[in-house]
Every structure is written in structure tokens, then in C-alpha cells.
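For reference, the structure is listed below as C-alpha cells.
The values are calculated or read from the model by the stated rules, or taken from the named source; none is laboratory data. Nothing here was measured: the structure is a model prediction, and the numbers come from that model. Here Cβ is always computed from backbone atoms with ideal geometry, including for glycine, and neighbour counts include all displayed protein chains. Ligands, DNA and RNA are excluded from the accessible area calculation, which covers all protein heavy atoms including side chains. Shrake-Rupley method; radii C 1.70, N 1.55, O 1.52, S 1.80 Å.
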Amino acid sequence: MPAPNIETIVSLSKRRGFVYPASDIYGGLGSSWDYGPLGVELANNIKKSWWNWLVYERDDIEGLDSSIIQNRLTWKYSGHETTFSDPLVDCRACQGRFRLDKLQDVQCLNHPAVHPGDDKECDLTEPREFNLMFRTTVGAVSSDEDESALAYLRPETAQGIFINFANVLNTSRRKVPFGIAQIGKAFRNEVTPGNFIFRTREFEQMEMEYFVRPEDAPRIHQEWIDGFQEWIQSLGISAGNLKLYEQSKEELAHYAERTVDIMYRYFPEREDEDKQWDELMGIANRTDYDLRVHSKKPEENGKRINPDSTEDLSYFDPQTNERFYPYVIEPAIGVNRTLLAVMMDAYTEKTNEKGETRVILKLTPELAPIKVAVLPLAKNKPEIVDMAKKLKHDLQPSMRTVYDDTGGIGKLYARQDEIGTPFCVTVDHESLEDNAVTVRDRDTWEQERVSVDALKEYLAKRLA
Ligand code: GAP
């Protein structure tokens, strides 16, 4: 039973320290969020899982960490300066400003029961294009309007990979097919952000650009669509809450030949099944668009000439003696949207023997922010406390472990269940005699007595 709606996760997140509203003490900042002690661990574990799966477990992917601020020409030639925009409309009646293609997702400011444009009083302007890139200036400039110092915060991490294609290729001595993976912040001045961390102006992406021979692109594209569905399910997200969406020709980004989105059921409370889904990630066949536009060499038909680049980003295949621009298959997924889907899917309610409802966050051991909580049954008994603290320190190097004595044992168990800790280890009076502890399973609430000498191995095995 996943969370019934995003609101349930918003309140759990705030209550337990996963995610807080940003700048809260100054009244907040629209759609900005800070990740607390548990949120940062969960996000790090998601990123580690992605990186391990792609960069460490495969033999054909390298990592990269490129700058957030790049030379403005990057965004000129990528096409973002001219095309990375949303159609915007203003309402003269309610003074609202909305994305034309998302009117059905928002409410009229005067009449929240209707969508903008659906009321006779609504008076929408003609749409105009609004560029989503955040502008900044670089260096000590005389004015913020100084065009020569203009720069952008990157709206996707991908371009940093394309402009480093030759660097990575040459230094790692790779051959096509191979990929470059990157995790990092991206920024978009979204017109209608919202739904908690689903759509924000600052977010984090995990993007991988996989360079292939053009004729192999359709097949490899499909392999990545299949592969990512499996990886997402390995995070504990059930197949029933995932589905594929094939973008129509009209929806495709300017660089894409085919894009398939993996959708998650973020809005299970909506009556209309079609409206329950939204994009978790996109997997695009970007063709050779990006490597060509960033190359100093003009295209044969004379279009898209780039006199500013110093590199030709084509690839020479030593086996076939051919030179060509590799096609790019791009699986791109947001850390924040993944975290939200993981939390929603892990959310479970269970009734205890007293008839009380308890929340259990059934995170996989890999993702759980805390793997083990060591709890003393009596905090006024120094020998028990010392033994529990020692256990915490012994376990900590191999698995994230915390010590907690700030409540009765029932309350401590409930707290750990709610944040997804797979195991609680309780030290009691008997432990002092038999050098054993009670290990409690989060999901079954079953308890088992385990000798302290065997504890680390026992937990490592069950967490694996
Ligand atoms: N390089 C391709 C690219 O950026 P995208 O579909 O625009 O494609 C990839 O973004 C992923 O980044 C999305 O599927 C989503 O998970 C995440 N994402 C995009 N915009 C976001 C936003 N405003 N807030 C949170 N996550 C976002």
C-alpha cells in the first residue's frame, strides 16, 4: 500500500527530517526545499546506487563532474538560448501567470475550483515564449545587464558531457559504444513549479550519455529503456506504479528522434487514471545533434556552422577506418523525483495489537538512511547504556548505525519504522549475562536473539 498522496510524504518528511521548506524562517521561497539529516542520506544512497550500477558494475561508462556555469556559447550552440522555453500566458482578471500547456494542472487565482481559462471571467493573453534558463553575470561587471558577462546556470547536466566528449574519449582511451555519467544540480526558472519536490527550480539530475554507432541507436535505446525499468524496481518501486509513455512528434525536444518517459503514479488520489501519472525520467535518442552542433566543423548541407568551437567532436573508428558523429542515447532521471517515488512506494501503514496505526517506510536496505538502530532497554542502567554505545561504534564502520535512548522501547521502534530503519538492536538486562541482543525486523516486527559476537555478520547478511 503506497502513500495515498504526496501530502502524506510532505508531512512525514517535515516531521522526521527528510525534507524541509527552504528559507522557512524568512517565510520560505516558492518551491524550494532543503534536505534534512535523513533526506540527504536517502538522496546520497539513491545517487550511490545509480553510480554503482552504471560506473562501477559496467565496464563501458566513465564518470564526470562538469561546471554548473559554462561559457555562454555552450547554450547558444546547444539551442537552449533560443528554444529552451515554455509558452506563457497571463490572466488579466486574476493576474496569474501560467504555462499554456499545463493549465489543467493549476488553479485560477480568483476561482480555485476551476483551471485558468475555464471561467467566463478568465482573460488570458496570447502565449509568449519564456526562456527557462537562470541568468547570471561572471566577474566584476559594471551592470547586471552587461551582455559580455552574461552566463547561465545549467538547465541540464548533459551539455557538460557533450563538450567534454573529446577529453574523456582521449584520456580514457574508450571506443564507441561507451558512456559518460554525471550527477549534479540543474536549474530551471519553471513557470509553474509545485507538487512538493516533483517540480522545483533547483533540482538534481543523474544523466548518462551513451555514445553509439548511428545504426545501433534504436536497439541500444530500447536496451536502456528496459534496463532502467529494472533499476527503478531495484529501488523498491513496484512495477504496478510504473508505466512507459512514448512522446509524440509534437512533444519531442528539438534534439530528439525518439523519447520514452518512465512515468510514476505520483497522484494515486486522482479519480481519472490517466491523470495519476507523471514523468519520473526520460530516455531519449538524441541522434548526433549535440556532438555536431558543438563541433567546429560545419555540417555538409552548410547548416548549423559553428565557428566558435575549437574541436571536431566526430569519432574515428580504427576498426572500420570510418569517421562519424556518434548517436547519443540519454537516460536522464531526477534525484528528487526518484526520492519522492521511492518514499511514496515504501510508505505502508500497519495496525499493532493495540489497534494503533503505525507507519512503516519499507525502504530497501540499500536506500535506508539508517541501517541499524541500537536501543538500550533501560537508559538509567549504565552497563546497558555502555554496551549499547559500544555496539553502535563497532557496527558504524560497516553500516550506518545510530544510538537512541530518548524514549520507551515501543516509541523508539515506531520512530525507526517510520524512517525505514531495517533493524533495531535492543540491549537488555539479559544481554549483560548472555552477551546477546534482540534484533527486531522492521517489516515483520519479529524478534530474534543474536549473540554479540555474531551480530555484525548476521546484520550484514540480512542487509545484503
Ligand atoms: N538532458 C535531458 C533532460 O534534461 P528532462 O526530461 O528535461 O531531460 C530529466 O529532465 C529529468 O530531470 C526529468 O525526467 C526529471 O526527473 C528531472 N527534472 C526535470 N525538470 C525538473 C524540475 N523542474 N524539478 C525536478 N526534477 C526535474
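Observations on the structure shown:
- Mean Cα-pair separation over length for the range 182-300, i.e. relative contact order, pairs under 8 Å, 6 or more apart, %: 18
- For the range 318-464, the fraction of alpha-carbon pairs in successive 10 Å shells from zero, as %: 10, 35, 27, 11, 6, 5, 4, 1
- Each of 357, 310 has its accessible area taken with a 1.4 Å probe; listed largest first, they run 310, 357.
- Dipole in debye (nearest 20) - the range 324-427, about Cα centre, beta carbon charges: Lys, Arg +1; Asp, Glu -1: 240
- Considering all different alpha carbon pairs of the range 1-127, the Kirkwood hydrodynamic radius works out to 19.3 Å.
- Fully extended contour minus Cα-Cα distance, from residue 393 to residue 113, at 0.36 nm per residue: 95.3 nm
- What the pair-distance distribution of the range 400-448 shows, using all Cα-Cα distances binned every 5 Å from zero, is 5, 20, 31, 26, 14, 4, 0 percent.
- Where trypsin sites (Lys or Arg not before Pro) fall in DSSP loop in the range 311-367, at most 14 other Cβ within 10 Å: 354
- Residue 254 versus residue 106: modelled label distance in nm, points set 7 Å from Cα along the beta carbon direction: 2.3
- Share antiparallel - DSSP beta bridges, the range 370-438, percent rounded to 5: 10
- Think of the range 180-299 as having a plus end and a minus end, set by charges on the Cβ of Lys, Arg, Asp and Glu; of 245, 187, 281, 187 sits farthest toward the positive end of this dipole.
- Local electrostatic count at residue 192 - Lys and Arg +1, Asp and Glu -1, tallied over other residues with Cβ under 12 Å: +2
- Across the protein chains, with a 1.4 Å probe defining accessible surface, the residues 320, 136, 200 rank 320, 136, 200 from largest area downward.
- Accessible-area composition of the range 386-464, carbon plus sulfur, in percent [1.4 Å probe]: 49
- Reported to the nearest whole Å, the Cα centre-to-centre distance from the range 266-301 to the range 11-84 is 18.
- Cβ-based net charge around residue 461, under 14 Å, with every Lys or Arg adding one and every Asp or Glu removing one: 0
- Contact order relative to length of the chain, as percent, for alpha carbon pairs under 8 angstrom and 6 or more apart: 13
- Proximal charge balance of residue 209 [Cβ under 11 Å; K/R count +1, D/E count -1]: -4
- Residue 167-residue 432 FRET efficiency (beta carbon distance; Förster radius 45 Å; 0.05 resolution): 0.15
- Note on the range 368-408: Cα convex hull, mean projected area over all directions, 2.9 nm².
- For the residue pairs 102/243; 381/456; 47/296; 175/296; 14/411, alpha carbon separations beyond 28 Å are given by 47/296.
- Rg/Rh (Cα only; Kirkwood hydrodynamic radius) as it applies to the chain: 1.03
- Projecting the alpha carbon convex hull of the range 176-290 along each direction and taking the average yields 8.5 nm².
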